[in-house]
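The structure appears below as structure tokens.
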Amino acid sequence: MERFLNRFRFFAFRCQLCTARFRVYQKRSVGGTSIQDRRQYKRLPVSFRANMLAKNATRTDNRVTDISMGGCTLETSATLPQGTVIELVIKPASDEEPIKIGTAMVCSSRPESMGIRFLNILADDKNRLSQVILSLLVGQSLHSNLLS
């Protein structure tokens, strides 16, 4: 169905804030499908503190280097294997309430970082995360406007 609609230039998109999926007609093609990023959300560069708790492990302090509504990259010294389920508490700023990710999964593991996918977030935490993403998107937009 997806490919059929793409032929008529109706492409699927996902809102970066509310995570709703929708289709939009575009006169031009959105790009090649051969080399495509599988992520549904744009990752934004950040530097947030985070605490990770894995099953049968102690809580460790880490740093989030990029984030989206669907996941983040966690800079850590304790790399875990792919598929490991963890809990994550992200601290965007000292004056903001932490965002608790109840269930997350390690999708990729590199020597000093891990790619994390968010699986279960409570509604309040999801709203706080979308507010953080919104402020990052607005800041990024303002920055690019100042440079042009």
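Points worth noting:
- When C72, C107 are sorted by how many other C-beta atoms sit within 10 angstrom of their C-beta, beginning with the fewest, the order is C107, C72.
- Local electrostatic count at I133 - Lys and Arg +1, Asp and Glu -1, tallied over other residues with Cβ under 11 Å: +4
- Evaluated at q = 0.10 Å⁻¹: base-10 log I(q)/I(0), Debye formula over Cα of the range 44-147: -0.27
No value in this document is a laboratory result; all are computed from the given coordinates. This one's a predicted model, so the numbers in the text were calculated from it and none came from an experiment. With ideal geometry, Cβ positions are generated from the backbone for all residues, glycine too; neighbour counts draw on all protein chains shown.
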